[in-house]
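The values are calculated or read from the model by the stated rules, or taken from the named source; none is laboratory data. Small disclaimer: the values here were computed from a predicted structure and weren't measured. Glycine gets a Cβ as well: all are built from the backbone with ideal geometry, and neighbour counts include every protein chain shown. Note: accessible area is taken over every heavy atom of the protein model, side chains too, but ligands, DNA and RNA are not part of it. Shrake-Rupley method; radii C 1.70, N 1.55, O 1.52, S 1.80 Å.
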Amino acid sequence: MRTLTVIAEMGSGGAETVVADLAGHLVERGHDVRVASSGGWRADALGRDGVRTLDVPLRAAGPVPVLRTASLLRAEARRHPVDLVHAHNVRASVAARLGVRGAPVLTTVHGLAEADYARAVRLLRRSDLVVAVSQDVADRLVVAGLPEQRLRVVENAVPAGRVPERAVARRELGLDPDRPVVLCAARLAAPKRVDLLVDAWHRVTEVVPGALLLVAGDGPDRPGLERRAAELDDRVAFLGDRRDVGRLLAAADLLVLPSDREGLPITVLEAMVAGVPVVASAVGGLASFAPETVELVAPGSPDTLAAGVVRVLTDRDRGRQLVASGSELVRQRYSSSGMRSAYENVYEELLHGRKS
């Protein structure tokens, strides 16, 4: 099977993690895999692992980069015909549909702002099938007008890997072995709402004075967030974009995700694999998690967010419950092998013309 995956970029995000996992798996199975993106460290890693990559300007905003990407995809498909195109999110889907003829297009939707679903559905009607990464995303697509028979749900997943020892991770990162450490790994832009977390940190450190917040990620909001956190001195550290999230999780006592919206965030699943409890906004696919699995808080409130963080940091029994339930949930429902198999079934459905 010859596949072409199209995605805006291949950095540290959740969609990129899924693409890298699928591409590596397909190459191991002997398939011809190409990944088109605006580049990033994951694209470089894929290239070293034998996945062919194509540079396209899809990261830039506006219609011109989409049209330019479509032209590059068209030329690539002429040189190297493909059996199936897998696009991630709407802009990639539009570029793929405009650029590649004669091959089915599968689009995975990782999550959208509520106001964007109706327009997205109008554009997604040109995809042969659409995958939603959570039932919440699927339900919103259906409400916006996407026919259910053209929709599948394949939940995000993460591969199980070796988790570094906590003491080793803390030593390598220069962290006090006994200091409470909370990690937020997210792009510093809407809808991740790291501003709420910074505001909440004043309240958290009133109850847990030595607590340190590590913010891993970058984005346009970083300068404003750093100014917002200036008076917190050494209680907040902005780390920039990181490739060692596994080590950061191993060193952390808690992962927090204060987003306004989510599909099914990879970082939450990675935390569960690493045995780290999670505090997160009850939005999107996260809202479906049972209370014994994730400490869910109402979105948009620094006070509520701070209360959730403090509850898990100070109640060891609660933390142990979250770790045990989260680890079991990932094992049963969010395994990488299960996600890969589900996507391969969707590929087979498209290639053999069984779509509705």
Over the Cα atoms of segment 1-65, how large are the radius of gyration and the largest Cα-Cα distance (Dmax), in Å? 11.4, 37
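Averaging the inverse of every distinct alpha carbon separation and then flipping it gives the Kirkwood radius. What is it for segment 1-128, in angstrom units? If you can, show how the numbers build up before the last one.
Details: mean 1/r = 0.0695 Å⁻¹.
Taking every pair of different Cα atoms in segment 1-128, averaging 1/r and inverting gives 14.4 Å.
Between Asp234 and Val143, what length comes free when the chain is fully extended (0.36 nm per residue of separation minus the Cα-Cα distance, one decimal in nm)? Provide the component values of the computation, followed by the final result.
On the way: separation 91, 0.36 × 91 = 32.76 nm, distance 4.61 nm.
Extra length from Asp234 to Val143 when fully extended: 28.1 nm.
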Dipole of the chain, positive end: most advanced residue of Val154, Ala230, Leu175 [Cβ charges, Cα centre]: Val154
With Cα coordinates, the longest principal axis of the chain makes an angle with the long axis of helix 302-314, in degrees rounded to 10, of 70 degrees
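Please give the calculated 222 nm ellipticity per residue for the chain, where each DSSP H segment of at least 4 residues contributes -39500 (n - 2.57) and the sum is spread over every residue; nearest 500 deg cm²/dmol? Walk me through the numbers on the way to the answer.
Values: 14 runs with 159 residues, N = 356.
My calculation for the chain gives -13500 deg cm²/dmol from helical runs alone.
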Over all distinct alpha-carbon pairs, what is the Kirkwood Rh of segment 156-224 in angstrom? 14.1 Å
Taking the 0 to 90 degree range and rounding to the nearest ten, how far is the long axis of helix 194-207 tilted relative to the main principal axis of the chain, both from C-alpha atoms? 20 degrees
Could you look at the chain and say what percent of its accessible area is carbon and sulfur, using a 1.4 Å probe and all protein chains? 48 percent
Per-residue HN-Hα couplings for segment 20-30, Karplus 6.51 cos²θ - 1.76 cosθ + 1.60 at θ = phi - 60°, whole Hz, x for Gly and Pro? 4, 5, 5, 4, x, 5, 5, 4, 4, 7, x
Counting C-alpha atoms alone, how compact is segment 42-86: give Rg to one decimal and Dmax as a whole number, in angstrom. 11.9, 32
Compute the long axis of helix 336-351 from its Cα atoms, compare it with the longest principal axis of the Cα atoms of the chain, and write down the angle in degrees, 0 to 90, nearest 10. 20 degrees
Dipole-positive endmost among Ser37, His80, Leu141 within segment 1-149 (Cβ charges, Cα centre): His80
Of the beta bridges DSSP finds with both residues in segment 1-127, what % are antiparallel, to the nearest 5? 0 percent
Rounded to whole angstrom, the alpha-carbon centroid of segment 202-267 lies from that of segment 275-311 at a distance of 15 Å
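Using R₀ = 35 Å, calculate the FRET efficiency as 1/(1 + (r/R₀)^6) where r is the Cβ-Cβ separation of Asp55 and Asp317; round to 0.05.
For Asp55 and Asp317, the calculated efficiency is 0.10.
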Cα convex hull of segment 213-356: mean projected area in nm², to one decimal? 11.0 nm²
The chain - Rg and Dmax from Cα coordinates, angstrom: 20.5, 62
With all pairs of different alpha carbon atoms counted, what Kirkwood hydrodynamic radius in Å does segment 283-344 show? 13.2 Å
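Dipole magnitude of segment 227-318 about its Cα centre, charges +1 at Lys/Arg Cβ and -1 at Asp/Glu Cβ only, in debye to the nearest 20?
Working: 10 positive and 14 negative charges, 33 e Å.
Charge dipole, segment 227-318, about its Cα centre: 160 debye, nearest 20.
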Zone of Ala342 (label point 7 Å along Cα→Cβ, backbone N under 15 Å): which residues in segment 112-132? 130-132
Quick one: work out the % antiparallel among DSSP beta bridges in segment 155-274, nearest 5. 10 percent
Cut-off 12 Å between beta-carbons: net charge of the residues surrounding Val198, Lys and Arg +1, Asp and Glu -1: +2
Local net charge near Arg222, Cβ-Cβ under 12 Å (Lys/Arg +1, Asp/Glu -1): -1
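What ranking do 170-177, 241-248, 33-40 get when scored by the average of other Cβ atoms within 10 Å per residue, highest first?
Numbers: 170-177: 13.1, 241-248: 17.2, 33-40: 22.2.
The most tightly packed comes first, giving 33-40, 241-248, 170-177.
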